[in-house]
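What follows is a set of notes on a single structure, which appears directly below.
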Amino acid sequence: MQSASQQTPFPKILILGAGPTGLGAAYRLLQLNYPNWKIVERNPYPGGLAASFKDSAGFTWDIGTHVPCSHYAEFDQFFNEMTQGDVFEHQKRGYIRLSDRFIPFPLQSNIRHLPPDIFQECYHDLEKVAHRQTSPDRSNFLTWNRERFGDGITRYFIQPDNEKRWAFPLHKLASDWLADRVSPVDLDRIRENIRLGQNNAFWRLYNSFQYPKRGGIGSVFEGMRSRLGVRLELEREVVEIESATRAVWFSDDQYENCDYLLSTLPINKLVQMLTGVPESLLATANQLESSDAYIVGIGLRGSINSDKHWAYCPESVAPFYRATYLTNFSPFNGPDANHSSILCDISHSRYLMRDKDSIVQETIDGLIATGMLQPEDTSRIVSTYLIDVPGVNPLPTLERDGILDMLHGYLEPLGIHSRGRQGAWLYEVGNMDHCVMMGMQWVDAILAGKRETVWLDRR
């Protein structure tokens, strides 16, 4: 990549999308007092997939469950500046609803809570895995999990959970992207937990998280609105990009020229918007896979009798793969102390169809079937909220990395850079901290020639 210092003193930078990555780039440009740039967003609000909304009943809803955990000191600084320290600090309380009970997450460390027959099966399989002499088969996501956790845990939790989460055949997903997203098997610790009757909670560095007191997770990014001023242009939708000149055309028939273009749009959509792209590359971009989501919020009068933060729900009695007690993140996500809320994540695709017209009622039925609500609680429901989120999960298919190499290989020499959860199409670096850092590091790369470690190290 040619750094900006090798060209004009202040080449123009245009950022498409005011989600975490675009705002991370904007934050860095403000830090540097860089004079020649702007950021455009098609929605009437910043935040992208990390926005929040307040409904007419006074409940605040996030676009799915956001648990801010940081790998980076610079993200911590950004988060602290945006929230001004007005946050709740939590120790994670995650559970799995399985076999008519709630089991602390991760399951492999807490199998003592399973029914005796299932416990014996899962424990026996874990022992076999621990004593295997050969390397695990990593040919696909499903095979790798079976070899890592055994048939029992895979059958009872990992397979049904991930089939609901991804809404995609697991044997068509790769396994080399997992990194630290899956708890390792520590058989000695599992035996100790069984012997002492103790639980083993989250295994990674970030077993705690912070959450804004007011405004939901979207308040983190709303904090950038006043700082950006006229540099942030909302309700501007991109319709075409001229490949040779990087001229970006909008739905209002206006256009913007730029020297460097940072796009946080889905990379397959970005390629479709470019002029002069070979048909073969368009066909390649169309091979990328994603799944959609319905986010269903249930607002209740009165409290929820639980201190959980969330519960994974792998069984078919509920359409959601996760239910989050959002007022346990912050009581201010409700209109007042006399209300509470649950937020449910439901994935869908051509492989797992969901009916939008009935999904709210199906969610309520699922909450009752899993014991998170009682039948009589339906009289306490004062608000329901549905968010339709297409393409929210960029899928790590077996073919993905080869496709991305071809797409970035075409875009980068044009001065068109695709980053972010959907721009990079790397789910494994699609958390909030990764995305903000991708934006910051992209600015550092074009202005100072620094290496984009978050993006490049995964590629």
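The values are calculated or read from the model by the stated rules, or taken from the named source; none is laboratory data. Predicted model only: the values in this text are computed from it and were never measured. Ideal geometry is used to build each Cβ from the backbone, glycine not excepted, and the neighbour counts take in all protein chains shown.
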Q: Please report, ordered by residue number, the helices (runs of 4 or more DSSP H) entirely within segment 101-171 with at least 1 residues that are β-branched (Val, Ile, Thr).
A: 116-130, 141-153
Q: State which residue is nearest to the chain's Cα centre (by Cα) when the search covers only segment 217-257 and only residues that are at positive phi and touching a residue at least 24 places away in the same chain (Cβ under 8 Å).
A: Glu235
Q.
With the condition being of a type in the set (S, T, N, Q), I'd like the strands (runs of 3 or more DSSP E) fully within segment 1-99 carrying at least 2 qualifying residues.
A. none
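Quick grid of which residues meet (1) in contact (Cβ under 8 Å) with a residue 24 or more places away in the chain; (2) in the same structural domain as Val248 (by TED's automatic domain parsing); (3) farther than 25 Å from Pro160 by Cβ:
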| residue | (1), (2), (3) |
| --- | --- |
| Met353 | no, no, no |
| Val360 | yes, no, no |
| Gly366 | yes, no, no |
| Ala369 | yes, no, no |
| Asp401 | yes, yes, yes |
| Trp425 | yes, yes, yes |
| Met440 | yes, yes, yes |
| Leu447 | yes, yes, yes |
| Lys450 | no, yes, yes |
Q) Is segment 339-359 home to any residue that is closer than 30 Å to Val87 by Cα and surrounded by fewer than 20 Cβ atoms within 10 Å (Cβ to Cβ)? A) no
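Could you pull out the residue among Gly409, Gly391, Gly420 that is at pLDDT 95 or above and assigned to a helix (DSSP H, G or I)?
Details: Gly391 fails: assigned to a helix (DSSP H, G or I); Gly420 fails: assigned to a helix (DSSP H, G or I).
Of Gly409, Gly391, Gly420, the one residue that is at pLDDT 95 or above and assigned to a helix (DSSP H, G or I) is Gly409.
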Q: Determine whether Glu240 is touching a helix residue (DSSP H, G or I) at 6+ places or on another chain (Cβ under 6 Å), surrounded by fewer than 21 Cβ atoms within 10 Å (Cβ to Cβ) and not assigned by TED's automatic domain parsing to the domain that holds Cys344.
A: yes
Q.
Given the condition within 23 Å of Asn393 (Cα to Cα), in the same structural domain as Tyr260 (by TED's automatic domain parsing) and crowded, with 21+ Cβ neighbours inside 10 Å, answer yes or no: does some residue in segment 70-82 qualify?
A. yes
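Confirm whether His417 is surrounded by 21 or more Cβ atoms within 10 Å (Cβ to Cβ) and either in contact (Cβ under 8 Å) with a residue 12 or more places away in the chain or more than 22 Å from Asp62 (Cα to Cα) (or both).
The answer is yes for His417.
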Q.
Please determine whether any residue of segment 69-84 is modelled with pLDDT of 95 or more, touching a strand residue (DSSP E or B) at 6+ places or on another chain (Cβ under 6 Å) and within 24 Å of Asp433 (Cβ to Cβ).
A. yes
Q. Got at least one residue in segment 165-180 being crowded, with 19+ Cβ neighbours inside 10 Å, among the small types (Gly, Ala, Ser), within 30 Å of Asp292 (Cβ to Cβ) and touching a residue at least 60 places away in the same chain (Cβ under 8 Å)?
A. yes
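Identify, please: which residue in segment 368-403 is of a type in the set (A, V, I, L, M, F, W, C), farther than 23 Å from Lys269 by Cα and in contact with a helix residue (DSSP H, G or I) (Cβ under 8 Å, 6 or more places away or on another chain) and is, among those, surrounded by the most Cβ atoms within 10 Å (Cβ to Cβ)?
Here the residue is Leu373.
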Q.
With the requirement that a residue be farther than 30 Å from Gly48 by Cα and in contact with a Pro (Cβ under 7 Å, 6 or more places away or on another chain), what does segment 65-112 give you?
A. Leu98, Ser99, Asn110
**Q.** Residue, nearest to Trp61 (Cα to Cα), within segment 219-237, restricted to residues that are of a type in the set (Gly, Ala, Ser) and surrounded by 13 or more Cβ atoms within 10 Å (Cβ to Cβ)
**A.** Ser219
(Q) Just checking, does segment 258-280 include any residue being outside the structural domain of Leu343 (by TED's automatic domain parsing), surrounded by fewer than 18 Cβ atoms within 10 Å (Cβ to Cβ), assigned to a strand (DSSP E or B) and touching a strand residue (DSSP E or B) at 6+ places or on another chain (Cβ under 6 Å)? (A) no
